[in-house]
1. Over the chain, what is the relative contact order in percent, taking alpha-carbon pairs closer than 8 angstrom and at least six residues apart?
2. For the chain, with every protein chain kept in place, what is the accessible area per residue (1.4 Å probe, Å²)?
3. What is the local net charge at Asp113, summed over the other residues whose Cβ is closer than 11 Å to its Cβ (Lys, Arg +1; Asp, Glu -1)?
4. Over 22 Å between Cα atoms: which of Lys10/Lys93; Lys10/Lys118; Lys82/Lys118; Lys45/Lys82; Lys10/Lys97; Lys97/Lys118 fall into that group?
5. How much mean residue ellipticity at 222 nm does the chain get from its helices, if each DSSP H run of length 4 or more adds -39500 (n - 2.57) and you divide by all residues, to the nearest 500 deg cm²/dmol?
Amino acid sequence: MAYEDVRDDKSETMWMLLEFDEATKADELRVTAKGTGDIEELKEKLSDDAPAFGYIRVPMANDELSQRTKFVLISWCGKNTKVMRRARLGIQKGELKRVIDSFSIEIPADDTDDLDAKEILLQLKKAGGANYDRQASDY
């Protein structure tokens, strides 16, 4: 499963994208893309016409000794998403979170500008609690 692939430290897969099959109007999500790059690579796959969910691994380090991995769930709803699809997203997101249940933060987005790598890192640091970055803080 792509979810485990993203979570696996031995895998090069850094993210996955789940989308609905708009041709069949089915409410089933399917993995439509995976990648080894960062958030910028994932953003290239997002459409203004359709909702999607992204799951991304983010390596973090406060210093050279403090290396860790965090995970981010992205709830994407493109600005041109049809009204009925948009209305069902809340229920579908709840169902998705029963499967993808391990993430540090969730980012709702309808514009790729909402997915700024520096802002995501800042949110992850805030969500992480204690900051042992030699008493330095960017927030």
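The values are calculated or read from the model by the stated rules, or taken from the named source; none is laboratory data. Nothing here was measured: the structure is a model prediction, and the numbers come from that model. Cβ sites come from the backbone with ideal geometry, for glycine too, and all protein chains shown count toward neighbours. The area values use the complete protein model at the heavy-atom level, side chains included, leaving out ligands, DNA and RNA. Shrake-Rupley method; radii C 1.70, N 1.55, O 1.52, S 1.80 Å.
1. Numbers: 219 pairs, mean separation 26.7, N = 139.
Once divided by the residue count of the chain, the mean separation gives 19 percent.
2. The answer is 59 Å² per residue.
3. Taking every other residue near Asp113 into account, the sum is -4.
4. Details: Lys10/Lys93 28 Å; Lys10/Lys118 25 Å; Lys82/Lys118 31 Å; Lys45/Lys82 18 Å; Lys10/Lys97 24 Å; Lys97/Lys118 25 Å.
The pairs that break the limit, which is 22 Å between Cα atoms, are Lys10/Lys93; Lys10/Lys118; Lys82/Lys118; Lys10/Lys97; Lys97/Lys118.
5. -8000 deg cm²/dmol
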